[in-house]
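Shown next, in structure tokens, is the structure this report addresses.
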Amino acid sequence: MKVGFVCPYDWSYPGGVRSHILGLAGALPEVTGGEVTAEIIAPATFAEPGIWAAGRTIGVPANGSVARICFTPGARRRLAGRLARGDLDLLHLHEPAIPSLSLLALGSARLPVVATFHASATRSLGYAAARPFLRRLVARIDVRIAVSEAARSLIGAYFPGDYRLIPNGVPVERFSGAAPEPDLQRGAPYVLFVGRPEPRKGFTTLLDAMAALRRRMDVRLVTTAAPSAPAGSPEHPDWVVPLGRVPDERLPGIYAGAGVFCAPSLGGESFGIVLVEAMAAGTPVVCSDLPGYREAAGEAAVFVKPGDPAALAAALGQVLEGGASAQRLVALGQARSAELDWRALAPRIVECYTAAMS
């Protein structure tokens, strides 16, 4: 069986949906003995190896973030040409109820369709406004998956139906065997932030917390968010180490070397793949107390009130100085990440494919 994975967002920009697709596509041949393979179909700003690129994207504000989507007549024609080759047995669409490549694929699909819904929010004005049009398209989906209760609650409020709950996974082996990146080991211990410097991600809260934490210990902040201020300025102090965009193969070593991983998001998180990646790499986690994050981490994280720099600084310091308590977090995290290994979850996805094909 050859499955076409359709990504709604720009493949050239890291994100949770991209990580989900990449991990699952890699696990399917392994867990099925090569009987199920996948081709990734996605928009892309830059040339990306291993995917079929549908075209460039535009950035649209959405859910406190920026969604880089491709939803043009040209993309629809290119996608229709790709699907017309007839070499795919099934489509696995991600977020097909937003204006994106996935919705274009759903509109023209003549194959069985499995769809995964990722987004989380208290409500969606877009879903509410487009529900009369989208209802008949969503009805075409043979099997629906939600990555968390938070995600199922959002999509189910506008499009009721049966949603199988299958969480996000990670390729645990890739992270668990990683050695700390040598260059980052030179200097004080570091707190790690992986994400975009968007308001929803709480990066400003983390900067304030780190400034407070540094009054009591020597610690750095290593981040894939690249502050726009020049190095040495008040907005970009010397203890911030901005990495910019990091290649996928480099991330495990960066996680492995961190004293603690921090996810200070303010809301809108349906799960939190980055938490599981950190846990798989043996790094303790401090994160905001959000329903999606609790689903991801279980008991294997320290949870703090979103948007509270003082509470965040206290939790980070507790873990960095924690000794045995930090090691307990590491052990709990490794156990939790094993439950979310794609090798354990992918067979459940294959069951969805079998159900859709029948």
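The values are calculated or read from the model by the stated rules, or taken from the named source; none is laboratory data. Predicted model, so just to flag it, every value in this text is computed and none were measured. Glycine also receives a Cβ, built like all others from the backbone with ideal geometry; neighbour counts cover every protein chain displayed.
Being in contact (Cβ under 8 Å) with a residue 24 or more places away in the chain and assigned to a helix (DSSP H, G or I) is a property that LEU192 lacks.
Residue count for the range 105-129, restricted to those that are in contact with a Ser or Thr (Cβ under 9 Å, 6 or more places away or on another chain) and over 25 Å from GLY272 (Cα atoms): 1.
In this structure, PRO160 does not qualify as under 19 Å from the mean Cα position of the chain (by Cα) and not hydrophobic (A, V, I, L, M, F, W, C). Residues in the range 268-294 that are among the acidic types (Asp, Glu) and crowded, with 22+ Cβ neighbours inside 10 Å: GLU269, GLU277. Checked against (1) surrounded by fewer than 22 Cβ atoms within 10 Å (Cβ to Cβ); (2) more than 24 Å from CYS287 (Cβ to Cβ); (3) of a type outside the set (A, V, I, L, M), SER102 passes all but a single condition, namely (1).
Within the range 262-281, is even one residue of a type in the set (Phe, Trp, Tyr), assigned by TED's automatic domain parsing to the domain that holds ALA209 and more than 26 Å from GLU95 (Cα to Cα)? Within the range 262-281 (the criterion being of a type in the set (Phe, Trp, Tyr), assigned by TED's automatic domain parsing to the domain that holds ALA209 and more than 26 Å from GLU95 (Cα to Cα)), the answer is no, since none of the residues qualifies. Of everything listed in (1) free of Cβ contacts under 8 Å to residues at least 12 places away in the same chain; (2) closer than 18 Å to HIS118 by Cα, the single unmet condition for GLY50 is (2). Say whether the condition of being of a type in the set (Val, Ile, Thr) and under 30 Å from VAL350 (Cβ atoms) is met by at least one residue in the range 95-111. Yes, the range 95-111 contains at least one residue that is of a type in the set (Val, Ile, Thr) and under 30 Å from VAL350 (Cβ atoms).
Summed over the range 2-23, residues that are over 12 Å from the mean Cα position of the chain (by Cα), surrounded by fewer than 20 Cβ atoms within 10 Å (Cβ to Cβ) and assigned to a loop (DSSP other than H, G, I, E, B) total 1.
A search for C-beta distances below 6 Å between a residue of the range 9-24 that is within 19 Å of VAL172 (Cβ to Cβ) and any residue that is polar (S, T, N, Q), counting only pairs 6+ apart in sequence or on different chains, returns HIS20/ASN168. Return a yes/no flag: does the range 225-232 have any residue that is within 30 Å of ALA338 (Cβ to Cβ) and either free of Cβ contacts under 8 Å to residues at least 60 places away in the same chain or outside any strand (DSSP E or B) (or both). Yes, the range 225-232 contains at least one residue that is within 30 Å of ALA338 (Cβ to Cβ) and either free of Cβ contacts under 8 Å to residues at least 60 places away in the same chain or outside any strand (DSSP E or B) (or both). Of the residues making up the range 178-189, those that are over 15 Å from LEU221 (Cα atoms) and free of Cβ contacts under 8 Å to residues at least 60 places away in the same chain number 1.
Those helices (runs of 4 or more DSSP H) of the range 261-358 in which 2 or more residues are over 23 Å from ARG220 (Cβ atoms) occupy 273-280, 291-297, 324-339, 342-357.
Counting only residues that are loosely packed, with under 14 Cβ neighbours inside 10 Å and not small (Gly, Ala, Ser), the range 141-166 holds 3 of them.
ALA44 fulfils the conditions (1) buried (at least 16 other Cβ atoms within 10 Å of the Cβ); (2) over 28 Å from ALA263 (Cα atoms); (3) without any contact (Cβ under 8 Å) to a residue 40 or more places away in the chain except for a single criterion, (2). For the range 277-287, the criterion of being within 16 Å of the chain's Cα centre (by Cα) and of a type in the set (Ser, Thr, Tyr) is met by none of the residues. Flag: LEU91 matches the condition of being surrounded by 16 or more Cβ atoms within 10 Å (Cβ to Cβ), touching a strand residue (DSSP E or B) at 6+ places or on another chain (Cβ under 9 Å) and not in a helix (DSSP H, G or I). The numbered conditions (1) closer than 23 Å to ASP162 by Cβ; (2) outside any strand (DSSP E or B); (3) within 17 Å of the chain's Cα centre (by Cα); (4) of a type outside the set (A, V, I, L, M) are all true for GLY107 except (3).
Taking the range 157-180 as the range and being of a type outside the set (Asp, Glu) and touching a Lys or Arg at 6+ places or on another chain (Cβ under 9 Å) as the test, the residues that pass are ALA157, TYR158, PHE159, GLY161, TYR163, ARG164, LEU165, ILE166, GLY169, PRO171, VAL172.
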